[in-house]
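Engineer: Pasting in a structure now, in structure tokens, and then I'll have a few things to ask.
A short reminder: the numbers here are calculations on the coordinates, not readings from a lab. For clarity, every value in this text was computed on a predicted model and none was experimentally measured. Here Cβ is always computed from backbone atoms with ideal geometry, including for glycine, and neighbour counts include all displayed protein chains.
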């Protein structure tokens, strides 16, 4: 009896002589992966490239209106007002319809014989405070030449600091300040009047 020879054919393995690792021509992910990545890297991502290449934006200059300091009441004129009968005219023209502030400071002698003093609204000595004397509303009047029981403006309640401030609407011209008193011959000294504008 002849010996039986068995021939085994292994089909479908697809080994290639050029693949020493036995992976086959196109079959291994380790071979294909670099080729896919290379294609993506070469093409690039347009959106990413645009973001990288975009110019750097520099902040705009600060808005002057936002950064500007808030308006403040600012002294625009200072008048020295005699406590005698002379009138004093401002050098500053107050625009029509614009509201300013008038600030009076200081004291002067309202009666030389008894040492009484006066400010923008009152006459006083250590024990007595008067808003008028001899039928005259005493103190600084603005654009008001007639002495009498009233004057313009009224400066408010008495204060020991003798600092008074009132609003005043301009009329397109200067203002004239004078002290009203019942007897100017008893008076001496000056008061200070300042005009303030919001700017």
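Engineer: Return the only residue of 164, 184 being surrounded by 14 or more Cβ atoms within 10 Å (Cβ to Cβ), under 21 Å from residue 116 (Cα atoms) and under 32 Å from the mean Cα position of the chain (by Cα).
Structural biologist: One residue alone meets the criteria, 164.
Engineer: Tell me which residues, restricted to region 161-183, are within 18 Å of residue 75 (Cβ to Cβ) and assigned to a loop (DSSP other than H, G, I, E, B).
Structural biologist: Listed by number, the residues that qualify are 161, 162, 163, 170, 174, 175.
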